[in-house]
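Okay, so here's the structure we're looking at.
The values are calculated or read from the model by the stated rules, or taken from the named source; none is laboratory data. Small disclaimer: the values here were computed from a predicted structure and weren't measured. Methodologically, a virtual Cβ is constructed for each residue, glycine included, from the backbone with ideal geometry; neighbour enumeration extends over all protein chains shown. For accessibility, only protein heavy atoms count, side chains too; no ligands or nucleic acids. Shrake-Rupley method; radii C 1.70, N 1.55, O 1.52, S 1.80 Å.
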Amino acid sequence: MDERTFGRSQQHASVVGLGTWQLGADWGDVDDKEALTVLETAAESGVTFFDTADVYGDGRSEQTIAAFLSGRPDLHVLVATKMGRRVDQIPENYVLDNFREWNDRSRRNLGVDRLDLVQLHCPPTPVYSTDEVFDALDTLVEEERVAAYGVSVETCQEALTAIARPGVASVQIILNPFRMKPLLEVLPAAREAGVGIIARVPLASGLLSGKYTKDTVFPENDHRTYNRHGESFDQGETFSGVDYTTGVEAAAEFAALAPEGYTPAQLALRWIIQQPGVTTVIPGARSPEQARANAAAAKLPELSEATLSAIRELYERRIKDQVEGRW
């Protein structure tokens, strides 16, 4: 699989990575054996970038990755984790002492002396404009606790503020055919600055797979049940912020645009891969079949201008008004 470079850190990531939120929590139950099989299949398919967080299963996702990699010393995988969501979301909590504590915990969970890439995990908006926060992140690099740092954001404006910080190596942002706003300013700014873009929620929480109907019922411990209106965290993380009924209808139209040989999910991933400025896209997977199919999107032919135009038209007609003013 092709790899791309985070310009400022010179780290490499496969164009299709693996998001591991679902291996920790909030997507229904996944047992340890299934989780390890997903990691193994992704790696065998050429994936060299795993994205996790200290809050996914309260460390379970990090520990699962560590267990897998400890048995595969032949693999070279860049592991990005996140920190900050295990405490009250107030700017005052984003200080060096807390960073060191959170970093120590993630290093233990992952079984490493130094983290490859640590990201602030969608912190309060004022954090992005606080010099002391980024001074503290620089200190983590100087202390060799982390090799590089980035941010995970909810809004395009947060992304632009972060890109202006000279030490930021990457920005993780929601980008998919139902969330196109980052194409306007964020991706061009990141390309100019040499900041990597990690595209998350690429399938709009599964909507873009085309598998769901208005009658689909998700488990009670799945955020697609309990966070549809932002009850537990930012609504944009669930179905990309799109109303579920609208999303299902639009997803059916999207699926019809898939060229021969593409699944709807692969169409969404291929669309993201083709956007200039994207470094890696991080779909999750709950089964080896999903992991294998996601990785295969990297080798599919580029989408035609006609298909790209049709996807844009669908977004502007059905989705744009719901999401662009909010994120």
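Checking the conditions here, which among Val133, Val168, Val127, Val141 is in contact with a strand residue (DSSP E or B) (Cβ under 9 Å, 6 or more places away or on another chain), open to solvent by 40 Å² or more (accessible area, probe 1.4 Å) and of a type in the set (A, V, I, L, M, F, W, C)?
Unique residue meeting the criteria: Val141.
Might you let me know whether segment 259-272 holds any residue that is under 30 Å from Val87 (Cα atoms), part of a loop (DSSP other than H, G, I, E, B), at pLDDT 95 or above and not basic (Lys, Arg)?
no
Output the residues belonging to segment 181-211 that are part of a loop (DSSP other than H, G, I, E, B) and out of contact with any helix residue (DSSP H, G or I) (no Cβ under 9 Å at 6 or more places or on another chain).
Gly194
Looking only at segment 144-165, which residues are β-branched (Val, Ile, Thr) and either surrounded by 21 or more Cβ atoms within 10 Å (Cβ to Cβ) or in contact with a helix residue (DSSP H, G or I) (Cβ under 7 Å, 6 or more places away or on another chain) (or both)?
Val146, Val151, Val153, Thr161, Ile163
Kindly list the number of the only condition in (1) part of a loop (DSSP other than H, G, I, E, B); (2) of a type in the set (S, T, N, Q); (3) under 16 Å from the mean Cα position of the chain (by Cα); (4) under 30 Å from Leu36 (Cβ atoms) that fails for Thr216.
Result: Thr216 passes all but (3).
Criterion first (at pLDDT 95 or above and farther than 25 Å from Thr81 by Cβ) does Leu175 satisfy it?
Spelling it out, it is not the case that Leu175 is at pLDDT 95 or above and farther than 25 Å from Thr81 by Cβ.
Among the candidates Phe50, Phe68, which residue alone is out of contact with any Cys (no Cβ under 8 Å at 6 or more places or on another chain), outside any helix (DSSP H, G or I) and among the aromatic types (Phe, Trp, Tyr)?
One residue alone meets the criteria, Phe50.
Can you find even one residue in segment 57-67 that is modelled with pLDDT under 95, out of contact with any helix residue (DSSP H, G or I) (no Cβ under 8 Å at 6 or more places or on another chain) and within 23 Å of Leu137 (Cα to Cα)?
Yes, some residue in segment 57-67 is modelled with pLDDT under 95, out of contact with any helix residue (DSSP H, G or I) (no Cβ under 8 Å at 6 or more places or on another chain) and within 23 Å of Leu137 (Cα to Cα).
Suppose we filter Ser304, Ser287 for residues that are more than 27 Å from Arg85 (Cβ to Cβ), out of contact with any strand residue (DSSP E or B) (no Cβ under 9 Å at 6 or more places or on another chain) and among the polar types (S, T, N, Q); which single one remains?
Unique residue meeting the criteria: Ser304.
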